[in-house]
Amino acid sequence: MPPPVLVPAPTGPLTIARGSDPAVKLSLVIPTFNESKNVGTLIGQLHGLLQGPLEGKYELIVVDDDSPDRTWEVALKCAEADPRVRVIRRQGERGLSTAVIRGWQAARGEVLAVMDADLQHPPEVNVGLWAEMARGADLAAGSRHVEGGGVSNWSLLRRMLSRGAQLLGLLILPGVLSRVSDPMSGYFMVRRSALDGVTLDPLGYKILIEVLGRGHIKWVSEVGYVFRERVEGESKVTGKLYIEYLLHLLKLRRDTLWRSSFFRFCVVGTTGVAVDMGLLYLLSDPRSLGLGLTRSKILAAEAAIIWNFLLNDAWTFGERSAKAPGVRAKLRRFLGFNAICTAGLALNVGLLNLLFNLGHVNRYLANAVAILAVTGWNYWLNRQLNWAPVRSEE
Ligand SMILES: Nc1nc2c(ncn2[C@@H]2O[C@H](COP(=O)(O)OP(=O)(O)OP(=O)(O)O)[C@@H](O)[C@H]2O)c(=O)[nH]1
Ligand SMILES: [Mg+2]
């Protein structure tokens, strides 16, 4: 048998290609930098664990960033013993997240996965993750914050930093971070079809957030794991990674703004104001129809509510509406929307009065605060009650 050769590092945009090789079910990428003392042990353990559940149909792809300790050379030795091990030695590009994606670009499997090389991710958890994928999950993530999960010996400071980063993420990207209990985890599997043709563009270490943010992921499962202490090699975590994490969150926020249902709700609301204003002019202005102000306003407001409802039903919450089709369901949503918006209007007037008369806040500032609060109220209640997700999809 000829000695194994290095797989050339993919170049160009970080796009995940469609289509997989039926002979490979799982492609597990192991990013490495100076892990020569760990990678061989890990690969040995992985063969023992994956052979059975996957009937041998897997590949392990080591993506090494040209480590000074020649990790890639150790990995190549493993490839000599078993051709399911493939090795990329990257020389032009650096960084954990892009290493993972380059590995996925070279991968042939239907399920793409990643885990650390330093034995901090217990390899046996792969079996549980694979079981979730086999049940049909789009993404199965290892988590330190569900049953069976934890961190072995972290200082209070490290725990606080990790939780603080999670909280910050929840504020900036609630729709992404709320989907998993441990968004900082670097141990997960994702179905290729959920990333079909998607171009990833991460920064720093948190590849799971990138995948959840840009992928088309419906079913998410979690499996607990205990993050072990590093025995060999050194950590690459530096303060710079915290800044990169923040920049990554902001970049994802910007790029996925149109996907955010709250953003869409606000856009629709703004167009609704234009409808309301335009109709008020047409109906009540002396240069136009010249009807009574109250009558005109009621008609204009109801027209705006209908307009907003139709757009929210088709676009803002379109995916959820599609799960409950039919005229009756739509009518129920329409009545619910009316009720919530009417209650919102009462709240708006009440808040304005409270702030202006009791709080002595400037009337326009008070009005702005009331509008903001009521927009939040309308969005949240409509999302929870009116366009609630179908239970089995949760
Ligand atoms: N290819 C590649 N791999 C990297 C890079 N940085 C880190 N890694 C690998 O990514 C995995 C996680 O890195 P670690 O430094 O262990 O990070 P961590 O586990 O979050 O932090 P510690 O608990 O301090 O070890 C390890 O397998 C590293 O070898 C990089 O720039 N390129
Ligand atoms: Mg580590």
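I need the full set of residues from segment 210-240 which are under 20 Å from W154 (Cβ atoms) and touching a His at 6+ places or on another chain (Cβ under 9 Å), in order please. Hits for segment 210-240 are E222, G224, Y225, F227, R228. Just one of (1) over 36 Å from the mean Cα position of the chain (by Cα); (2) assigned to a helix (DSSP H, G or I) trips up T375, so point out which. (1) is the only condition that T375 fails. Just so you know, in segment 47-63 the residues that are within 28 Å of the chain's Cα centre (by Cα) and within 16 Å of E80 (Cβ to Cβ) include one that is farthest from ligand 1 (Cβ to nearest atom), and it is E59. A search for C-beta distances below 8 Å between a residue of segment 282-309 that is touching a residue at least 60 places away in the same chain (Cβ under 8 Å) and any residue that is among the β-branched types (V, I, T) and in a helix (DSSP H, G or I), counting only pairs 6+ apart in sequence or on different chains, returns nothing.
Inspection of segment 268-277 identifies no residue that is more than 16 Å from ligand 1 (Cβ to nearest atom), over 30 Å from N338 (Cβ atoms), in contact (Cβ under 8 Å) with a residue 60 or more places away in the chain and under 27 Å from the mean Cα position of the chain (by Cα). Charged (D, E, K, R), out of contact with any Gly (no Cβ under 9 Å at 6 or more places or on another chain), buried (at least 18 other Cβ atoms within 10 Å of the Cβ) and in contact (Cβ under 8 Å) with a residue 12 or more places away in the chain: is that true of R320 in this structure? Yes, satisfied. Scanning segment 14-31 for residues that are of a type in the set (D, E, K, R) and surrounded by fewer than 22 Cβ atoms within 10 Å (Cβ to Cβ) yields a total of 2. Of the set (1) in contact with a helix residue (DSSP H, G or I) (Cβ under 7 Å, 6 or more places away or on another chain); (2) farther than 30 Å from P202 by Cβ; (3) assigned to a helix (DSSP H, G or I), all apply to R332 but (1).
No value in this document is a laboratory result; all are computed from the given coordinates. Everything quoted here is computed from the prediction, not taken from an experiment. Cβ coordinates were reconstructed from backbone atoms using ideal geometry, including for glycine residues, and neighbour counts include every protein chain displayed.
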